[in-house]
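In what follows, a structure is listed as structure tokens, so that the remarks can point back to it.
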Amino acid sequence: MKKLYGFMPIITGICFGSAGIFVRKLSGNMNNTTIVASRLIVAVLLLGIWLAYSHPEYFKIHLKDCWIFIGAGLLGSLGVNVCYNFAINELSLSLAAVLLALSPIVVMIVAFFLFHEAITRRKVLSIFLAICGCVLTSGIFETNESMHWSWIGILVGSVGAIFYAMYSIFSKVGMRRGYPALTITFYSILSIAVILLPFAKWGDVAQYIMQNPLPHSGFMLVHSLCVAVAPYAFYTVALDHMDAGKASILCSCEPVAAMVFGICFFGEIPTVLSITGLIIVLAALAMLVLPEKKTHKKRD
């Protein structure tokens with residue numbers, strides 16, 4: 001099971017990397033706020049039904065701890081969703097994901113002070129390699145028509161990394177207070193859904209579905225599962241079995257996934273540097289997954 005927990009942040013990165021497929025498709029029919037709201041409201045309904053069926057006790061929380069779920073939702077998930085959606089439409093998928101992958105820097109610094117999590121040399125080297133690989137993967141150092149970018153996209157995408165780090169920190173606080181992973185995921189998403197409900201243009205959602213009811217409804221359902229339910233659930237569970245810094249670094253596979261999706265769906269052809277960056281990111285992930293070497297002192 002420990003090995004399985006190690007793969008959960010990687011699956012999270014792949015799920016988040018797929019966001020561009022859905023966001024770019026839906027952006028022609030609805031605005032950013034409506035995309036996020038529709039995604040998360042469906043997620044709340046699906047997750048709520050599942051919890052009511054399998055773990056109804058997970059709904060129980062203490063009112064004094066509401067700030068944790070609101071913080072994880074509004075300062076974490078909402079910021080990530082809005083900033084990432086914006087960046088996806090301004091930048092190539094890989095570059096948008098690269099900027100989000102900068103969150104381990106914030107997570108490791110804050111986790112060091114709040115949770116006294118050690119910053120080992122392996123972590124420092126891994127995060128350095130991961131970031132270098134992500135930058136190369138983006139293709140920002142090359143002239144490539146398919147790898148577009150803008151300064152506003154880079155700024156908003158970078159802010160998204162900070163929000164992503166905040167979700168990790170608030171989730172860790174919730175874990176330390178004994179809340180299950182799915183409880184934190186459910187209430188953080190619920191807080192966003194409630195806030196966005198009056199601001200979304202539901203007429204645009206209805207119009208989109210009515211254009212082709214079955215395929216479009218299915219598309220929005222898969223969108224919610226892949227980008228909201230699965231990644232947050234996997235990531236929050238992972239945080240319960242590893243430190244926040246390591247989990248966040250493992251999620252840095254997202255740019256690699258985004259690059260693959262960009263190739264397959266939008267013709268964002270990578271260059272030699274981009275492929276080199278991909279290899280570096282995979283090497284950084286492998287370095288983290290491999291167990292630390294234990295030194296045994298000889299008995300006299």
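Annotations
- Using a cut-off of 23 Å between Cα atoms, the listed pairs Lys64/Lys201; Lys123/Lys172; Lys64/Lys123 include Lys64/Lys201; Lys64/Lys123 as exceeding that distance.
- Positive dipole terminus of the stretch 2-289, leading residue within Ile162, Ile70, Leu114 (C-beta point charges): Leu114
- Calculated from backbone phi, Karplus (6.51, -1.76, 1.60) coupling profile of the stretch 175-189 in Hz, x at Gly/Pro: 4, 5, 9, x, 7, x, 4, 5, 5, 5, 4, 5, 6, 5, 5
- Dipole of the chain, positive direction: furthest Cα of Val80, Phe199, Tyr179, with charges on the beta-carbon: Tyr179
- For the chain, adding -39500 (n - 2.57) for each run of n ≥ 4 DSSP H residues and dividing by the number of residues yields -23000 deg cm²/dmol at 222 nm.
- Sparse-neighbour loop sites [chymotrypsin sites (Phe, Trp or Tyr not before Pro); the stretch 159-221; at most 16 other C-beta within 10 Å; DSSP]: Phe199
- Rule-of-thumb Rg ratio for the stretch 162-233 [Cα; 2.2 N^0.38 Å; N residues]: 1.38
- Computed 3J(HN,Hα) for the stretch 200-213, one whole-Hz value per residue from the Karplus formula 6.51 cos²θ - 1.76 cosθ + 1.60 where θ = phi - 60°, is 6, 8, 5, x, 5, 5, 4, 5, 5, 5, 5, 4, 7, x, glycine and proline marked x.
- Computing Cα extents along the principal axes in Å for the structure here picks out one of (1) 78, 54, 30; (2) 58, 40, 37; (3) 54, 42, 34, namely (1).
- Across Pro104, Pro231, Pro213, mean-square fluctuation computed from a Gaussian network of the chain (C-alpha pairs under 10 Å connected) peaks at Pro213.
- Counting neighbouring Cβ atoms within 10 Å and putting the fewest first, the residues Thr33, Thr12, Thr236 line up as Thr33, Thr12, Thr236.
- Tensor-based shape of the stretch 1-138 (alpha-carbon gyration tensor, a/c under 1.5 rounded, otherwise prolate or oblate): oblate
- Alpha-carbon Rg/Rh ratio, for the stretch 98-222, with Rh computed the Kirkwood way: 1.07
Taken together, the values in this text are just the output of simple stated rules run on the coordinates, not laboratory data. Remember, predicted model here, so these are calculated numbers, not experimental data. Note that each Cβ is placed from the backbone with ideal geometry, even for glycine, and that neighbours are counted across all protein chains shown.
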